[in-house]
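Have a look at the structure below, then the notes.
The values are calculated or read from the model by the stated rules, or taken from the named source; none is laboratory data. Since this is a predicted model, take the numbers as computed values, not measurements. As a convention, Cβ positions derive from the backbone with ideal geometry for all residues, glycine included, and neighbour counts pool all protein chains shown.
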Amino acid sequence: MEEFEIFDDFLNDKMTFEKRLGFEQQLLENPALKLSFNDYKVALELLRFQGLKNEVEKSNKEYQNGKESKFSFPIIKIAAIIIFGLLTFSTFWINLTEGGDLLENVPIAYIEPNQRGNAEEKQHAELLYLTKDYEGLIKLYDSSNEPTEKLEFLTAMAYFNEKDYNKVLELIEKLDLRSKTNVYKNEIEFYKCQSLIGLNKYAEAEGMIQKMEDTNPYKSTFDWIYIAKIKILAWKESFF
């Protein structure tokens, strides 16, 4: 039985209780198998959004160039092969998706990590941020000789809301250099990823998500469709 068929049986409750327990144990013990299984689930989501199935069928017919052979290879296996990067590049995904909606539909929004950071400048900076006075917050940062970690981070968030993603990354780099135990570590990872998406650097954004530890609560906000779109955009980025 092929690996894809095993995954399909598991997801569709076609396994016996014993086989299901055995497969779950394999997922715990075999990181490579778990990665393949996760990619397979992404493939399933790819079939569900923006008409990938129709696009694959259309692409196959165009590839056959008028031959009489019918499209019979299982759609899900084609999608899975796409995920694993084994399918010869075809133009069917060129207009499949765009990146704008990824930022419009951010799965979680930063408000304020309660009581984290130094007290200095805290009240003023928070007030400016919460009232959406991003310009005022940026001016406060620029006028500060020694900005605190709190002010630096909130300023990065101000630039994010102003869609100045290069400035976000610049400030995040400074925050990264402060300490390995940065109190904003989780937010930094998440908004670095979002800023990379804003700059159309989808491959780097995908890499950021993969590097996030499971303990980062922001990671769980990325659903499979969101990740699938980033994967497709990363592929498009690599070819154009």
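Table: residues versus (1) at pLDDT below 90; (2) crowded, with 17+ Cβ neighbours inside 10 Å; (3) part of a helix (DSSP H, G or I).
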position: C193; (1), (2), (3): no, yes, yes
position: Q210; (1), (2), (3): yes, no, yes
position: E213; (1), (2), (3): yes, no, no
position: P217; (1), (2), (3): yes, no, no
position: I225; (1), (2), (3): yes, no, yes
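Applying a threshold of 7 Å to beta carbon distances and a minimum spacing of six or more residues, or different chains, the list of pairs starting in region 9-31 at a residue that is free of Cβ contacts under 8 Å to residues at least 40 places away in the same chain and among the charged types (D, E, K, R) and ending at one that is in a helix (DSSP H, G or I) and surrounded by 14 or more Cβ atoms within 10 Å (Cβ to Cβ) reads R20/F10.
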